[in-house]
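Input: a single structure, listed below in structure tokens.
The values are calculated or read from the model by the stated rules, or taken from the named source; none is laboratory data. Small disclaimer: the values here were computed from a predicted structure and weren't measured. Glycine gets a Cβ as well: all are built from the backbone with ideal geometry, and neighbour counts include every protein chain shown. Just so you know, the surface numbers come from the protein's heavy atoms only, side chains and all, with ligands and any DNA or RNA stripped out. Shrake-Rupley method; radii C 1.70, N 1.55, O 1.52, S 1.80 Å.
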2 protein chains.
Amino acid sequence: MSLIPKSHPRAKSLLIREKLVEGFDNGLVAKEGLLAQGRGEAFDYLLGEKTGKAAKSAIKAAAAQILLAKLPVISVNGNVAALCPKEIVKLAKLTGAKVEVNLFYSNQKRKNNIVKTIKKNGFSEVLGTNSASKTTLKGIDSARRIVDKNGIFAADVVVVPLEDGDRTLALRKAGKKIITFDLNPLSRTSQTAHITIVDNVTRGMDLLIKECKKLSKKNKKSLEKILENFDNRKNLSENINEIKNNLTKRLRIA
Amino acid sequence: MSLIPKSHPRAKSLLIREKLVEGFDNGLVAKEGLLAQGRGEAFDYLLGEKTGKAAKSAIKAAAAQILLAKLPVISVNGNVAALCPKEIVKLAKLTGAKVEVNLFYSNQKRKNNIVKTIKKNGFSEVLGTNSASKTTLKGIDSARRIVDKNGIFAADVVVVPLEDGDRTLALRKAGKKIITFDLNPLSRTSQTAHITIVDNVTRGMDLLIKECKKLSKKNKKSLEKILENFDNRKNLSENINEIKNNLTKRLRIA
């Protein structure tokens, strides 16, 4: 049970941190995942711990891209499974996306724990652990190159929340359209993806589901138009400006 | 053996991260310490992963302050012991400072592991584990209020790298001159300390040792002049501006 009082000015951030530590204790999250969460906390702090205007427009583009996909796949790692397993399942069911577990710091036990968590949240067919359908992505030298040939390998659109730069680049080179969640608008992942949602995954995933629901009533042409009007580079610049403005504001208060 | 591909553009930062993870495996670092390291990584990234001009001038002031001290004490926690035990010992021997172990997430076993690490690096008299010389600091409600009466309690200058805001404030209220290392120039610790070195402890501690060596040849008056010319608030503003400038630069490159 959490000891964090709801009145704490940063209670939300501390509760997210507790989820991660719990995920670590339950064998979902790697030690490196705790560090990654720390990095995210710092950027979220600089973004004011809220979903900004730029993030909202990236979420809209991401929803359009997922709805236009022939075979969308959501790639899940330990931190994602610890932070928003319910939302991943909701998004997959709503859009017909497949779910695949893929880890940078590979570990069969941890993989199985992640699969179990996703299953417990109502999604039975999780890819990424069947060695019979394993294949490899080129241009990547970690365990992450191993993917499922019926999942990420065959996908046209891949949602890779909280991903590292090498893998994002390899997926892009493999011809996939890449959607990511990354709180650092300057990271290689952010710069490499086609659509980067600069937002905390615990806030943004919910908004993405809502946007998918909303846009599912639109026709193909309207969805394509949303994508045409989205410029990831420009969107990232807007996020960087949001951070700069926050720094100026805080400097004045300090 | 390291799993980090040498081709990775941020291998150095990843290797520091591995030191922390190793420290965690060896019972030095708490889970929360891994998250804290992650937050530090993000700010270091925004500072360009180099020691800036503002940090150099804070290091100079810190060296002067330590050399002027009657009883300087270096407070060591798990992250510090994992990242720079050799440097802590060098600094202590060079300046006659005492070394005291003090933990936020207290744990006798972890304390003993930290003491062992410092001893292994050549410093035998580590304070903070002798219950006969325990006493408490007022105005702080975690295990960190327990200090050694011959160490931090008696000190006039305390070096507290990677410290939390509550304890920094309590030490300041107790009349100590506080020197800290903190990569977030906006944190309460940064804002509370007398001298805040906004730098990665793995870079800055070495520079602090060099500066102490250099300034040890100066007389008291010169050292006092260095301190008089140092303004922590102004220095923090300069660090925030460095971050803003880096964001602008990277935005242009991206």
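Size of region A:188-242 along its principal axes in angstrom, Cα-based, largest extent first?
32, 26, 19 Å, listed from the longest principal axis down.
Look at the axis of the rotation that sends chain B onto chain A, then give the chain B residue with the nearest Cβ and the distance in whole Å.
Looking at chain B's Cβ atoms against the axis toward A, the nearest is B:G38, 1.
Label position 7 Å from Cα toward Cβ: report the copy-to-copy distances for B:K234 in nm, one decimal, ordered from shortest.
Going from nearest to farthest copy, the values are 4.3 nm.
For every other residue with a beta carbon closer than 10 angstrom to the beta carbon of A:V80, add +1 if it is Lys or Arg and -1 if Asp or Glu, then tell me the sum.
-2
What does the convex hull of the Cα atoms of chain B come to per residue, in Å³, rounded to a whole number?
Details: hull volume 31.9 nm³, N = 254.
Dividing the Cα hull volume of chain B by its residues yields 126 Å³.
Take the Cβ-Cβ distance between B:R188 and B:S237 as r, set R0 to 25 Å, and report the resulting FRET efficiency rounded to the nearest 0.05.
With a Förster radius of 25 Å, E is 0.95.
Per-residue mean of other chain beta-carbon atoms within 10 angstrom of the beta-carbon, peptide B:174-185?
Neighbouring Cβ atoms belonging to other protein chains average 1 per residue here.
Using only the Cα atoms, work out Rg/Rh for region B:1-107, with Rh taken as the Kirkwood radius, to two decimals.
Rg divided by Rh gives 1.00.
Over chain A, what is the relative contact order in whole percent, taking alpha-carbon pairs under 8 Å and six or more residues apart?
Here the relative contact order equals 24 percent.
Tell me the distances, shortest first, between B:K12 and the same position across the other copies, using label points 7 Å along Cα→Cβ, in nm to one decimal.
3.6
Calculate the mean, over all residues of peptide B:29-41, of how many other protein chain Cβ atoms lie within 10 angstrom of the residue's Cβ.
Mean shielding by partner chains, rounded to a whole number: 6.
At 20 °C and a viscosity of 1.002 mPa s, what translational diffusion coefficient does Stokes-Einstein give for the protein assembly as shown, taking Rh as the Kirkwood radius over Cα pairs? Give it in µm²/s as a whole number.
Value of D from the Cα-based Kirkwood radius: 89 µm²/s.
Using a 1.4 Å probe on the protein heavy atoms only, what accessible surface does A:Y45 show? Give it in Å² to the nearest 10.
A:Y45 has an accessible surface of roughly 40 Å² with all protein chains in place.
Any idea what the A:N112 label distances to the other copies are, label 7 Å down the Cα→Cβ vector, nm, shortest first?
A:N112 label point versus its equivalents elsewhere: 3.4 nm.
Quickly work out the B:L94-to-B:A11 label distance, labels modelled 7 Å from Cα along the C-beta direction, and quote it in nm with one decimal.
For the pair B:A11/B:L94, the computed spacing is 2.8 nm.
What ranking, highest mean first, results for peptides A:240-246, A:78-84 when packing means the other Cβ atoms within 10 Å averaged over each residue?
For the peptides A:240-246, A:78-84, the packing ranking is A:78-84, A:240-246.
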